[in-house]
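To keep things clear, I will list the structure first and then write my remarks on it.
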Amino acid sequence: QVQLVESGGGLVQAGGSLRLSCGASGSILRINTMGWYRQAPGKQRELVAAITRGSTTNYTDSVKGRFTISRDNAKNTVYLQMNSLKPEDTAVYYCAADLIVTRAGLNYDCWGQGTQVTVSS
């Protein structure tokens with residue numbers, strides 16, 4: 001059974017930084033594109049950043065220049081470095097992978113449980 005587990009959320013003042021981590025477990029052979037999504041209260045979930053297995057990245061406009069996504073394929077882990085945080089970045093952040101290949105088979109659209117990020121003004 002594949003699991004994605006996020007960590008690193010918390011409360012930070014505006015202008016501060018946080019680093020989110022997401023590790024995948026479960027006899028993993030390969031993970032394709034991984035991404036970070038967020039959902040603020042009363043809003044739809046949105047893609048924040050994504051990274052392919054070859055480390056091609058893309059970001060939503062509101063975080064460009066402030067957030068950096070990276071991954072360690074050997075550790076099956078993806079990171080999100082968040083700098084210059086703003087109150088509008090407050091949300092639950094979710095890790096996701098579009099395809100995880102394990103010894104047991106293919107797992108599509110895998111999601112973590114989410115981690116809260118709160119930015120105070």
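The values are calculated or read from the model by the stated rules, or taken from the named source; none is laboratory data. Keep in mind that this is a model prediction, so the values were computed, not measured. Note that we place each Cβ from the backbone using ideal geometry, even for glycine, and neighbour counts take in every protein chain shown. Areas reflect the complete protein model, heavy atoms only, side chains present, ligands, DNA and RNA absent. Shrake-Rupley method; radii C 1.70, N 1.55, O 1.52, S 1.80 Å.
Structure notes:
- Candidates in region 25-43 are the residues that are of a type outside the set (D, E, K, R) and over 16 Å from A96 (Cα atoms); of these, the one that is surrounded by the fewest Cβ atoms within 10 Å (Cβ to Cβ) is G42.
- Subset of region 8-24 [in a strand (DSSP E or B), over 15 Å from R71 (Cβ atoms) and open to solvent by 50 Å² or more (accessible area, probe 1.4 Å)]: L11, Q13
- Filter result for S21 (more than 13 Å from T90 (Cα to Cα), touching a residue at least 40 places away in the same chain (Cβ under 8 Å) and of a type in the set (G, A, S)): yes
- Candidate set: region 33-54, residues that are within 14 Å of the chain's Cα centre (by Cα) and among the polar types (S, T, N, Q); chosen: the one nearest to L4 (Cα to Cα): T33
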